[in-house]
Amino acid sequence: MFGLVLTYLISAFFVPVLSFQKENVPVVGIMYEGWQAPAVMGLKDPSTALTLEKVIRSNGTLSLMDQQHGINLSVAMNFYHHKEPLDGFYCIYRKRENESTGVVPDCPNITNTLKRHANMLVQANISFVVCDSTNFQTISAGGDVLQLRPFEVLAEEWSKLRAQGIPTPQIAIWQNLQDPTGNLYRVYADETYKQYEDLIFKDSFTGKKVYFTTANPTPALVKTLENEYGFSVVTMWAERLEGFSEGEFAFFSPCLDNGQFTSSVYSHPHGGPPCNQSLTIKAPIGRRGTSMTVSPSYQLSYSSLPWRASGKLGGLTLKKQFGSVFARQSDLDYLMIGTFNEHIAQPQNNPFSKINPNVKSMGLETDSMASSLWVDMYGDGITRDLEPTKEDGGYMWTLFLSCMRVLHTGEGVCKDKMEPCCAMNDPVTSWQNVWSLYLPDKAQPGGVRDTLLTIDQQERDVLTQRGWVEKCAPLGGASAFCGMSQASEAKAQFHGSESNKTLHDVPSSYGEGPFLLQPLATPFNKLVYRCLTSNSYHFFSEQKDCRNAGTQESVLGYVSTLRSSTTPRSLRLCQKGSLYTHSLDLPCSTGFQELEYLGFVH
């Protein structure tokens, strides 16, 4: 919710009281948000409301200020919609029968919304949903409208569906227990968990109701839930490598490269590296105490900054993460999916703005609010959500259903090429790295003799051995490129650490780092060629004849013709004398002339 946290409901396919496990198929739960009421009620006109994705896709025609003008921010609690659900904006809060007024007005069409969600989740073989209650620990109006009451309403509505013979997932809460004086956890335990006995998620191995909590809970509160109420208390958090060996679940789980979290997810050549997200062991639930997590995207810190999140990449991240699960599914008790429906987020202050003014949210080059950053999501292309949106038309949910079908074969391998989940070389999910190199001018200290873009890792390695220098991902995060040492600094900044270190790149070169292109053609991309002038200077161009300024050396890949949160950064060709360079999401540096505005890249 505020920052790293989400609302997660654990859903369990309806079987009497317990959720049972098919051989070689883990029990699947999904994170589910019920916190949208203030954001929806704060929309002045839902029929014309903008989303952040629409702003990005407008390529400067619309602004975040335009979106803000359509929101009553005091009602919305400063939440912005990043995308719009396919069936329109919705929320699930309503006042209790004994209340004359609510925190906000009652949400419309709650029954239809929750029936639709139940049907979708059951058809996907989701067994349980987990609701987020991690930002409030004591009873309050904010905690009620965002967390407690939506959980109660979900229980009320799904209980009614079950009474009609309509199956629903089971539900569980994810509550912050760090404050020893907190009292909200008691409300869940004493009321919803008791009143809706058959609806609450139970572990089939222990037979106990499951209560999720965040990292570092107060031991006394955990003991109360375990001893007084008889619950299994499961810790769940993210980006804590040490937690996986201690029974900790994850609501998202980054891919790993040499034991480090990485945002590098790519497919070309030869399918790219596996994701290898972590395996939870020694959990207090399940026969083996094991779990893994899959999501269509994940963040390392600020999702709206380059390489601080994987992004959906047209579904590549989801395929990669499922691929790792297929390889280990015979060892799994549980599979967590994050997330179904977060949709909204609050802008965050930018801790880098004084260090480097070019560090802004991607794709908002001329936007006056671009310096605000976003954590859990950014538009529709960098989000953990799977619910169909008007922006994606249901594509990601369809892909998810395909992966779930493969999971339920129990075979542990994605071999059916008719399943979209198994097609690793389709144009939408194919991406390749583009490394940025420069050759220092030995005759001029600090000068540059030449620059070059390459998609060939071996060429990069050979050239760097010959004196070329790689330009790094300026905030780290992407292990395919240099600069991973910056990842710890970026994370320190993210967690509020006061540091005197600077970013890897100075402002003039912040936009000259690596990026991704697509290796295959789609209706919405075009080729980019690498070229060489007669006096041996490298450049690139969308023109096959290399602007009549040189000869074609190779094809780099395809650049998107459309800006979106999947390809948010503009790509420019810049020239100063005989020297060429590129610029990402920034005007060409002082003294350089813009020759081509090619399109948009990840």
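The values are calculated or read from the model by the stated rules, or taken from the named source; none is laboratory data. All figures in this text were calculated on a predicted structure; none of them were measured in a lab. Note: ideal-geometry Cβ built from the backbone for every residue, glycine included; neighbour counts use all protein chains shown. Note: accessible area is taken over every heavy atom of the protein model, side chains too, but ligands, DNA and RNA are not part of it. Shrake-Rupley method; radii C 1.70, N 1.55, O 1.52, S 1.80 Å.
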Exercise for review: Starting from the range 253-276, keep only residues that are closer than 19 Å to GLY483 by Cβ and polar (S, T, N, Q), then list their pairs with residues that are modelled with pLDDT under 85 and part of a loop (DSSP other than H, G, I, E, B) whose Cβ atoms are within a distance under 8 Å, requiring at least 6 positions of separation or different chains.
Suggested key: GLN260/MET484; THR262/MET484
Practice item. State all residues of the range 411-425 that are open to solvent by 20 Å² or more (accessible area, probe 1.4 Å) and either among the aliphatic types (A, V, I, L, M) or more than 30 Å from LYS471 (Cβ to Cβ) (or both); if no residue qualifies, say none. Key: GLU411, GLY412, VAL413, CYS414, LYS415, ASP416, LYS417, MET418, GLU419, PRO420, ALA423, MET424
Exercise for review: Look through the range 42-84, keep the residues that are more than 28 Å from ALA141 (Cβ to Cβ) and aliphatic (A, V, I, L, M), and return whichever of them is surrounded by the most Cβ atoms within 10 Å (Cβ to Cβ).
Suggested key: ILE56
Point to revise | Pair list, Cβ < 7 Å and 6+ apart or interchain, from the range 518-545 residues that are free of Cβ contacts under 8 Å to residues at least 40 places away in the same chain to residues that are open to solvent by less than 70 Å² (accessible area, probe 1.4 Å) and of a type in the set (Phe, Trp, Tyr) | key: LEU527/TYR558; TYR529/PHE540; CYS531/PHE539; CYS531/PHE540; LYS544/TYR529
**Study point:** Single residue of the range 390-400 satisfying the filter (touching a helix residue (DSSP H, G or I) at 6+ places or on another chain (Cβ under 8 Å) and touching a residue at least 60 places away in the same chain (Cβ under 8 Å)) that is surrounded by the most Cβ atoms within 10 Å (Cβ to Cβ)
**Key:** LEU399
Study note, to complete from the structure: Those residues of the range 90-138 that are outside any helix (DSSP H, G or I) and β-branched (Val, Ile, Thr) come to a total of 9
Review point. Listed residues SER353, SER361, SER368, SER372; which is under 28 Å from CYS588 (Cα atoms) and either of a type in the set (Val, Ile, Thr) or under 17 Å from the mean Cα position of the chain (by Cα) (or both)?
Key: SER361
Check your understanding: From the residues in the range 270-295 that are of a type in the set (S, T, N, Q) and open to solvent by less than 50 Å² (accessible area, probe 1.4 Å), which one is nearest to the chain's Cα centre (by Cα)?
Key -> SER295
Review point. Based on what the data block shows, is ARG328 in a loop (DSSP other than H, G, I, E, B) and surrounded by fewer than 24 Cβ atoms within 10 Å (Cβ to Cβ)?
Key: no
Exercise for review: Go through (1) open to solvent by less than 10 Å² (accessible area, probe 1.4 Å); (2) more than 20 Å from GLY381 (Cα to Cα) and name the single condition ALA549 misses.
Suggested key: (1)
Practice item. Inspect the range 433-453 for any residue being in a loop (DSSP other than H, G, I, E, B), under 30 Å from TYR395 (Cα atoms) and of a type outside the set (Phe, Trp, Tyr) and give the result as yes or no. Key: no
Exercise for review: Check SER353 against each of (1) in contact (Cβ under 8 Å) with a residue 40 or more places away in the chain; (2) over 23 Å from GLU239 (Cβ atoms) and name the one condition it does not meet.
Suggested key: (1)
Point to revise | Pair list, Cβ < 7 Å and 6+ apart or interchain, from the range 576-598 residues that are without any contact (Cβ under 8 Å) to a residue 60 or more places away in the chain to residues that are assigned to a loop (DSSP other than H, G, I, E, B) and open to solvent by less than 30 Å² (accessible area, probe 1.4 Å) | key: GLU594/CYS588
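Rundown of residues vs (1) outside any strand (DSSP E or B); (2) at pLDDT 95 or above; (3) open to solvent by less than 20 Å² (accessible area, probe 1.4 Å); (4) over 20 Å from THR383 (Cα atoms), yes/no style:
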{"site": "ARG563", "(1), (2), (3), (4)": "yes, yes, yes, no"}
{"site": "THR566", "(1), (2), (3), (4)": "yes, yes, no, no"}
{"site": "LEU571", "(1), (2), (3), (4)": "no, yes, yes, yes"}
{"site": "CYS574", "(1), (2), (3), (4)": "no, yes, yes, yes"}
{"site": "THR581", "(1), (2), (3), (4)": "no, yes, yes, yes"}
{"site": "THR590", "(1), (2), (3), (4)": "yes, no, no, yes"}
{"site": "GLU596", "(1), (2), (3), (4)": "no, yes, yes, yes"}
{"site": "GLY599", "(1), (2), (3), (4)": "no, yes, yes, yes"}
Review point. Hey, among VAL448, VAL469, VAL462, VAL413, which residue is over 26 Å from ALA309 (Cα atoms) and without any contact (Cβ under 8 Å) to a residue 40 or more places away in the chain?
Key: VAL462
